[in-house]
1. Among what's in region A:151-179 and is surrounded by fewer than 14 Cβ atoms within 10 Å (Cβ to Cβ) and β-branched (Val, Ile, Thr), pick the residue that is nearest to A:Val112 (Cα to Cα).
2. Have a look at B:Val107, B:Val16, B:Val41 and point out the one that is at the interface with another protein chain (Cβ under 10 Å from one of its Cβ atoms) and closer than 19 Å to A:Ile21 by Cβ.
3. Within region A:47-66, which residues are within 9 Å of another protein chain (Cβ to nearest Cβ) and outside any strand (DSSP E or B)?
There are 2 protein chains.
Amino acid sequence: MEYPSNIIKELVDAFVKLPGIGKRTALRMVLSLLKQEEEDVKKLGELVLRMKTDIQFCQKCHTISDNELCHICSDNNRESNVICIIEDHRDLIAIENTKQFNGLYHVLGGVVSPIDGIGPEDLKIDSFVDRVRKDKPKEVVFALRATMEGDTTMYYIFNLLKELNIKVSAISRGISIGGELEFADEVTLGRSIVNRTNYTL
Amino acid sequence: MEYPSNIIKELVDAFVKLPGIGKRTALRMVLSLLKQEEEDVKKLGELVLRMKTDIQFCQKCHTISDNELCHICSDNNRESNVICIIEDHRDLIAIENTKQFNGLYHVLGGVVSPIDGIGPEDLKIDSFVDRVRKDKPKEVVFALRATMEGDTTMYYIFNLLKELNIKVSAISRGISIGGELEFADEVTLGRSIVNRTNYTL
């Protein structure tokens, strides 16, 4: 593709590095940015410049934060003896939006995935074990993705926690609310039968 | 949605203003940006800051340009007596990619659309008529979108060109190459029959 201006070309190249953005979409975004008010564009540029320097990571749970401790870790109303292990910041936002969890989090930064060259040492696993040793939580809740990589990561951490004698749980897996059985995959449906919920009448 | 950091929130708000980007996608993009090398992020920020000041528009055809005249208008190998009227810069890139057009362009900046409050005075129509009066091109090719708004704009400019006695054409409309008739809409199929191409054997 030939671009009418060098800045446009470089901007398209920068936008293409973002997830799910191809050259056409990037160009559409850049041209739309060019139509925006000068003030808005300037603000975006400044925010991007500031993000790498100003954004910190919580020293306890490693989530994105404006301070040394994030707003969750420093909130006294949260149950500090329940820690939910998640992959990244988006998972934290997703779980927070459900308003069903009032404990703390621990952001691993990914899952173990040999195919992508991600080993346990690339994740915040050591810091998690240290944290558990120090804070002795009542329960650890795993909320990792339902894939081979998520399971591998979970069992890897299970082994490290074994000797610490802590209650460990994982979010339930099954048919989505509103999901029809005929469209569910066999493994999920099978698991949802094995792990069926008991009701007392 | 609650965000872990103020900068993240403001960045998401800025990305959401881009076309086709919702809050979730914006957040995904911002978090991915946060994972990129500091150098790349800095470059993006600087490019965004420079775009509004450094990018110019060609004084002749109004396309994006690094100079007063764009690389097409200043190219002596182009047929300067054929002008193709297009809506925006993406159309220029799309037509250039076909390598089937060697004339010059004129970027209107949109099409007449009363519903969006865009009248002829908001487009580069006056400058086009002046240009035709001055340069007296051999042919004007319309390449606007195949919608009511595109057609309205075309007929509006037709009327202004009438007295100038110039050859006017428009890109052909019909069934896409590889398109199956049964999936084509009636209007397109009807037009493709009326405007059928004659072959001499």
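The values are calculated or read from the model by the stated rules, or taken from the named source; none is laboratory data. All figures in this text were calculated on a predicted structure; none of them were measured in a lab. Ideal geometry is used to build each Cβ from the backbone, glycine not excepted, and the neighbour counts take in all protein chains shown.
1. The extreme case among them is A:Ile171.
2. Numbers: B:Val107 fails: closer than 19 Å to A:Ile21 by Cβ; B:Val16 fails: at the interface with another protein chain (Cβ under 10 Å from one of its Cβ atoms).
Result: B:Val41 is the single residue among B:Val107, B:Val16, B:Val41 that is at the interface with another protein chain (Cβ under 10 Å from one of its Cβ atoms) and closer than 19 Å to A:Ile21 by Cβ.
3. Narrowing region A:47-66 to residues within 9 Å of another protein chain (Cβ to nearest Cβ): A:47-56, A:58, A:63-66.
A:Leu47, A:Val48, A:Leu49, A:Arg50, A:Met51, A:Lys52, A:Thr53, A:Asp54, A:Ile55, A:Cys58, A:Thr63, A:Asp66, listed by residue number.
Residues checked against (1) touching a strand residue (DSSP E or B) at 6+ places or on another chain (Cβ under 6 Å); (2) farther than 18 Å from A:Val111 by Cβ:
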residue: A:Thr53; (1), (2): no, yes
residue: A:Lys60; (1), (2): no, yes
residue: A:Ile64; (1), (2): no, yes
residue: A:Asn67; (1), (2): no, yes
residue: A:Ser74; (1), (2): no, yes
residue: A:Ile83; (1), (2): yes, no
residue: A:Glu87; (1), (2): no, no
residue: A:Asp91; (1), (2): no, no
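Okay, residues lined up against (1) surrounded by fewer than 21 Cβ atoms within 10 Å (Cβ to Cβ); (2) charged (D, E, K, R); (3) closer than 28 Å to A:Glu96 by Cβ; (4) not assigned by TED's automatic domain parsing to the domain that holds A:Leu108:
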site	(1), (2), (3), (4)
A:Asp13	yes, yes, no, yes
A:Pro19	yes, no, yes, yes
A:Thr25	yes, no, no, yes
A:Arg28	yes, yes, no, yes
A:Leu31	yes, no, no, yes
A:Glu37	yes, yes, no, yes
A:Arg50	yes, yes, yes, yes
A:Ser65	no, no, yes, no
A:Cys70	no, no, yes, no
